[in-house]
Amino acid sequence: MTKRKGGRDGQRTQDHQDGQRRKRIALLAGGAGLVVVVAVLLTVVLWPDDPEEPRAREYRDVTACLLTGSGGVTDPAAAPVWAGMQDASLQTRARVQFLEVNGPQTADNAAGYLASLAGSQCQLVLAVGEAPTAATAGDASRYPQVDFVLIAEGQPAGDAGNVTVVSDADPAAVQQRVRDLVAAAVGDPADD
């Protein structure tokens, strides 16, 4: 049988073991805290920079406008014109917009829509579709401060000197020609 030490020696051993246990717990807790602090610091330091916020496109103070029939820019005749205008907008930072002729597709009805565009901030008005081109050919002389482009096969330009006619035979050629005409009309952004 083994004798157990009693008294003070036994108490000292127990106190010593308790002290060692507290020391180990304190070291482990301190080490874990240090690991957390290092992890947070490394995350902050090594985290990639935030990507640059996307910026809104800055347009110049020039606008080209498109007058279409009731089909709008999805009409097969209008789609390449709109695409050419958008190409020119990317190149020149000019604003482009369109307006559909609603209601009866007649030159008389389209004339009101044309007046709206010509009287607004449009430096260039393009017209595509039977009613819009007829209205533009007939009324362009009323708006000498605005240049007009008619997208129509065989459409006469009328008497006004501010009208250009573009054939609508080949959509790719129309898109290219419209882009060039819009870019020339609104000018180079470097000239601003």
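The values are calculated or read from the model by the stated rules, or taken from the named source; none is laboratory data. Everything numeric in this text was worked out from a predicted model, so none of it was measured. For neighbour counting, all protein chains shown are included, and Cβ atoms are generated from backbone atoms with ideal geometry for every residue, glycine included. Ligands, DNA and RNA are stripped out before the accessible areas are found, and what is left, the full protein with its side chains, is counted by its heavy atoms. Shrake-Rupley method; radii C 1.70, N 1.55, O 1.52, S 1.80 Å.
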Criterion first (modelled with pLDDT of 90 or more, over 26 Å from the mean Cα position of the chain (by Cα), open to solvent by less than 20 Å² (accessible area, probe 1.4 Å) and over 14 Å from Ala77 (Cα atoms)) does Leu114 satisfy it? yes
Please tell me if Arg60 is at pLDDT 75 or above, outside any strand (DSSP E or B), closer than 30 Å to Ile151 by Cβ and among the charged types (D, E, K, R). yes
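So, Arg21, is that one surrounded by 11 or more Cβ atoms within 10 Å (Cβ to Cβ), more than 36 Å from the chain's Cα centre (by Cα) and either in a helix (DSSP H, G or I) or at pLDDT 95 or above (or both) or not?
Spelling it out, it is not the case that Arg21 is surrounded by 11 or more Cβ atoms within 10 Å (Cβ to Cβ), more than 36 Å from the chain's Cα centre (by Cα) and either in a helix (DSSP H, G or I) or at pLDDT 95 or above (or both).
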Is one or more of the residues making up region 64-79 more than 30 Å from Thr106 (Cβ to Cβ), surrounded by 10 or more Cβ atoms within 10 Å (Cβ to Cβ) and either modelled with pLDDT under 75 or not β-branched (Val, Ile, Thr) (or both)? no
I'm trying to understand the selection: among the residues of region 117-147, which are of a type in the set (Asp, Glu) and either open to solvent by less than 30 Å² (accessible area, probe 1.4 Å) or in contact with a Gly (Cβ under 6 Å, 6 or more places away or on another chain) (or both)? Asp139
For region 119-128, check the following and say yes or no: at least one residue is over 22 Å from the mean Cα position of the chain (by Cα), in a helix (DSSP H, G or I) and closer than 18 Å to Asn162 by Cβ. no
Do you know which residues across region 94-111 are over 17 Å from Val73 (Cβ atoms) and crowded, with 17+ Cβ neighbours inside 10 Å? Ala107, Ala111
Being open to solvent by less than 70 Å² (accessible area, probe 1.4 Å), out of contact with any strand residue (DSSP E or B) (no Cβ under 8 Å at 6 or more places or on another chain) and not polar (S, T, N, Q) is the requirement here; does Ala88 meet it? no
Single residue of region 63-118 satisfying the filter (among the β-branched types (Val, Ile, Thr) and assigned to a helix (DSSP H, G or I)) that is farthest from Val128 (Cα to Cα): Thr92
Scan region 143-189 residue by residue and report those that are at pLDDT below 90, among the small types (Gly, Ala, Ser) and within 14 Å of Cys65 (Cα to Cα). Ala185
